[in-house]
1. Could you put 104, 82 in order, starting from the residue whose Cβ has the fewest other Cβ atoms within 10 Å?
2. Where does each of 90, 97 land when they are ranked from fewest to most other beta-carbon atoms within 10 angstrom?
3. How do 38, 81, 12 line up, fewest other C-beta atoms within 10 Å first?
4. Ignoring everything except DSSP H segments at least 4 long, calculate the 222 nm mean residue ellipticity for the chain; use -39,500 (n - 2.57) per segment, divide by total residues, nearest 500.
5. Could you order peptides 41-47, 67-73 by the average number of other Cβ atoms within 10 Å of their residues, highest first?
6. Mind running the shape call on the range 2-106? Use the C-alpha gyration tensor, a ≥ b ≥ c as the square roots of the eigenvalues: rounded below 1.5 for a/c, prolate if a/b tops b/c, oblate otherwise.
């Protein structure tokens, strides 16, 4: 169950990074709404990370949380923010995902 919490926490990390990217693109009350989304996603992500880390090794939990957030944010950047999808970015994204899967596989 704590691995599921950790994955959801990582997805909310993608959410707060995405909101932060949208704040940069908007102004006025729209930016305020995105900033609100940022804080909500941040709070949920941190809480779920805290809950997962109560039973999982903190080093593994933090690395997996960060890896999910980083990989997800790169994908969102490519799909929604028109960031480049260069071969080396995709290659290192793949190695990042492989590392997260590897950490899960060797954690007890």
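Where a number appears in this text, it was derived from the coordinates with a stated rule and is not lab data. Quick caveat: nothing in here was measured; it's all calculated off a predicted structure. All Cβ positions, even for glycine, are placed from backbone atoms using ideal geometry, and neighbour counts span all protein chains on display.
1. 82, 104
2. Lowest to highest Cβ neighbour count: 90, 97.
3. Numbers: 38 19, 81 13, 12 24.
Starting with the residue having the fewest Cβ neighbours, the order is 81, 38, 12.
4. Working: 4 runs with 92 residues, N = 108.
Using -39500 (n - 2.57) per qualifying helix, the result is -30000 deg cm²/dmol.
5. 67-73, 41-47
6. oblate
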